Amino acid sequence: MESTLAALGPAEVSPLGAVLAAVLDAVRDGTGHATVLRADPGRGRSTALWRLRAECRRADPKATVLWSSGADRCEVTRRRVEELLRRGPVLVLLDDAQWLDADSAAELGHLAARASGSRLGVVLTAPSDAPLHPELARLPETALPDPGEPEVRALLAEAGADRGAETPAAVVAELLALCAAHPLVLRELLPTLPDGQLRGTAPLPRSATLGPRSMRLFGGPCAALPERTRRWLLLLALGNDKLVTCLRAATRLGLTAADLAPAELAGILRTDGSAGVSWGSPLFPVAVAQAATLVETTRTYRALAEVSTARTEPVEHPRWLAGAAVHPTADRPALTEAIVALATDGRLLDGYELARRAELVTTDAPERQRYRVLAAGLSWLAGYGEHSLELLDQLPSPLPSAEVQAAAVVLRWVIQGLRDSWPAGAELGELRVAAAPGDAGQATRSLGTALLVGWETLPAESMAGTLAALRELFTRHPEPRPGMAAALAKVVACDTDLDAVERAALLATSWWVHHDDVLYPKAWPPPLLPVYLGEESGYARHYAELLHTRHVRAARSTRALLLLKLATVQAALGHWPHALRNAASSRELAAEMGLWALHTETLTVAAWVCAARGDEDGCLALIGRSHRQEGRRAAGAEPRSVQWTHGLLELSVGRPAEAHERLRPLHRDPVESPLHLAVRRLSTADFVEAAVAARQFGDAADAVAELAAWVEVGAAGWARLDLARCRALLGAAGAEQWHLLALEQAGAVGRLATSARTELSFGSWLRRRKRYQEARPHLRLAQHYFDRLGAAPWRDRAHAELRAAGEAGPSAPGRGAALTAQEWRIARLAAEGRSNREIGDRLALSPRTVGYHLYKIFPKLDITSRTQLPLALRELDVPP
């Protein structure tokens, strides 16, 4: 017979399972085992013996199991056991050994003493503090461990044939925490939970509902206390861990500290001035709150609210006010404020439960629908999209309240868009639902979602109605941020020439604008928009800051979407390891929640990074997975971002003709949407490079002319950089000046991969004109950049060019070795703290030329800012 632990398998092994397996293995091996399992009442002593009996019979059918209880007459004798041992292993199990009579206890004690070295196991159980007969008190004791995943799955299997198998491990862990790993509480709670909660598609309750036996176990000791002590316990159960707040509320209720003493003497809790209150079990406050009447609960909440303010208790004060509310319609402001405070603090599911409770007790139908939509939104934010849609499906359509209708429509579109993809050509009128007067927040959210959907799927002219509705909204209400409407109108038209006010407004609207935005889904802006605007650095910082807020840490769907957006801007910046890591985290969350459209977008971002690196196998594998997402509708034609990724891959691995063919439809097909136009413009430099290498000069010239026409009317810095690169690639008159202009602009744009390719392009151009000495610094820098990026094919190309330019030894320059005399002078002056203008005046250079030289100096010294210059120069033994 194999080891019991091995037979259980890794997924089934828990602390309790390990204890039971040790008993069975000792009996099997002939080493014998005798122990007393100790645990508090209700902790599963009897269940452990039943499981041990079942496991023994399963592991060895020839084994004999003798079961009895100390409350009954014990029939186990040494003579009987000796006879049974001649046939095979024997396992003696006895529950509640504290009740054994003296003769039976002595008999079992002698039997256990001879278990060592035999195929005999003797396992007794007793409460933790119960005295045993002296013969049994000598036996070794084992504290019964808390149940783990195997025990929960066994209880789920008892409740329903498929429940144990269908429940995810994360839900099992939540159940153990919810019930404080208490077997009796688990046994009574599990049969009451609906399938959605056990499958993980609906949130579990925030506190366990205790069954009758559990209430006797945990509520009984509390109910036996004096009435004033019970009121104290309810105050502590509904309050927080700040004892001083509860003491002030107790005074309001006419209670004194002495009234709490009976609970401390009973071991129900302990108070400590510095540590607050610690309960003997986390299930005691659950039992206290569950046993309280509505009048008692409302009175206690009111006392807590009266001794606190929103300043001293920003989260708990609104919650206590809401708990004191008895009329959800009249007390709507307090309830809403409490839900906002809970959501902001990251307690989304507490806010969800508060909204559901308000929905259940209100008698006003519109208010009931409002709370239902609010609960659905919080459920979605927490990662339960299927449950959110179920809540919305139970509502009438359309809803009588324009505000609630708008919230429901936005929520449904966001869930379906991230799960199934935004419907191409969809009519956006549903999203332009007019919000109720005075509710500019919900109207802005509706129109923002309409702009997102349209930006990705519709021609720009189709969004004229949405923009008109937005402008009309801001005639009735002030703009949340000055310049917001103008910025959004430019974005829809794919215009990147925004002024500083408009850029600030757009960045602000990338997340919360109104006080209650934390309660609603937010999909704006499209992930690629910051890259198209050339604002990826600012948005990267913004997204990183948001990901550290409490709300986003708790909101799984929001976190998945923000991680995708952060990965997208990091990919553009050349922070590729970070981009891949964040895309993978977003992908994992999306898969957990069944958001397959979002999952596919994360795959596309990761595939683009692989394409830019020249990792053909990785890129194709990711693209292949993106086309086979279970649960997604057919996506139709290949997305434009995937077309760009395919073309970039072909270019990276040295197949320009194939790259040209891949990118040509992207640049020749009629523009379908602002997203299509953005991808087209962002990929123009790749298309021109591929077309020139494939000798398709007409296509290259047309693409450059189109890009130039856009740049002339105002465009982002990256577009001016790409135009200079393209004109240099075409080899037109003044190509060298175009190369130099591109190099100057690359530093300001800050996209590492673009800088590397610009250096490679200019170095190669110089090398072909036999200007080897001038070419080598550019090629060395290109090779260094590509090495940092992990772009092996590009690095090898730069290395080959470098060798062709006469680089004989190791191609990687030493730190600081490649600085020219001019660069040394500029570095020293910058290290002294002088500005670019001051350095230029000193050396007769323009400030832009100084900036260009510093852009070249930093990577050579392996630094990223001028504040690091003094230390870098000291390390090179060069006086700053």
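The values are calculated or read from the model by the stated rules, or taken from the named source; none is laboratory data. These numbers were taken from a predicted model, which means no experiment stands behind them. Neighbour counts are summed over all protein chains in view; Cβ atoms, including those assigned to glycine, are modelled from backbone coordinates with ideal geometry. To get the accessible areas, we keep the full protein, side chains included, count just its heavy atoms, and leave off ligands, DNA and RNA. Shrake-Rupley method; radii C 1.70, N 1.55, O 1.52, S 1.80 Å.
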If amide hydrogens are placed 1.01 Å from N in the peptide plane, which non-local residues have theirs closer than 5 Å to the one on LEU139? none
If the cut-off is 16 Å between C-alpha atoms, which aspartates and glutamates fall inside it for LYS242, apart from same-chain ones fewer than 8 positions away? ASP272, GLU306, GLU313, GLU316
Please state the relative contact order of the chain as a whole percent: Cα pairs under 8 Å, 6+ residues apart? 6 percent
About the Cα centre of the chain, what is the dipole size in debye to 20, counting +1 per Lys and Arg Cβ and -1 per Asp and Glu Cβ, all else neutral? 1620 debye
Go through the range 143-151 residue by residue and turn each phi into a ³J(HN,Hα) via Karplus (6.51, -1.76, 1.60, θ = phi - 60°); whole Hz please, and just put x for glycine and proline. 6, 5, x, 5, x, x, 4, x, 5
For the range 48-60, what does the Karplus curve 6.51 cos²θ - 1.76 cosθ + 1.60, with θ = phi - 60°, yield as ³J(HN,Hα) per residue in whole Hz, taken in order and with x for Gly and Pro? 4, 5, 4, 5, 5, 5, 5, 5, 5, 5, 6, 6, 8
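What whole-number value in cubic angstrom gives the convex hull volume per residue for the C-alpha atoms of the range 294-357? Could you put the intermediate results ahead of the total?
On the way: hull volume 4.5 nm³, N = 64.
Dividing the Cα hull volume of the range 294-357 by its residues yields 71 Å³.
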Which net charge results when you count Lys and Arg as +1 and Asp and Glu as -1 among the other residues whose beta-carbon is under 14 Å from that of TRP99? -3
Once you have a ≥ b ≥ c as the square roots of the Cα gyration tensor eigenvalues for the range 195-336, tell me rounded if a/c is under 1.5, and otherwise prolate or oblate according to whether a/b is larger than b/c. oblate
Report, to the nearest whole %, how much of the accessible area of the chain belongs to carbon and sulfur atoms, 1.4 Å probe, protein only. 53 percent
Using a 1.4 angstrom probe on the protein heavy atoms only, line up ASP72, ASP350 by accessible area, largest first. ASP72, ASP350
Cut-off under 19 Å on the C-alpha distance; same-chain residues fewer than 8 positions from LYS770 excluded. Which aspartates and glutamates are left, in chain and number order? GLU736, GLU759, GLU801, GLU807
Of LYS490/LYS856; LYS565/LYS856; LYS490/LYS565, those spanning more than 25 Å from alpha-carbon to alpha-carbon: LYS490/LYS856; LYS565/LYS856
At 1.4 Å probe size, with every protein chain present, just tell me what the per residue accessible area of the chain comes to in Å². 42 Å²
How about the chain: what cysteines have no other cysteine beta carbon under 4.7 Å from their own? CYS56, CYS74, CYS179, CYS222, CYS246, CYS494, CYS726
Nonlocal amide H pairs with VAL122, under 5 Å, H built at 1.01 Å: HIS33, ALA34, THR35, VAL92
Would you please classify the overall shape of the range 498-594 from the alpha carbon gyration tensor, given that a ≥ b ≥ c denote the square roots of the eigenvalues, rounded means a/c under 1.5, and beyond that prolate means a/b larger than b/c while oblate covers the rest? oblate
Calculated volume of the Cα convex hull per residue in Å³ (choose from [x] 163; [y] 235; [z] 357), label: [y]
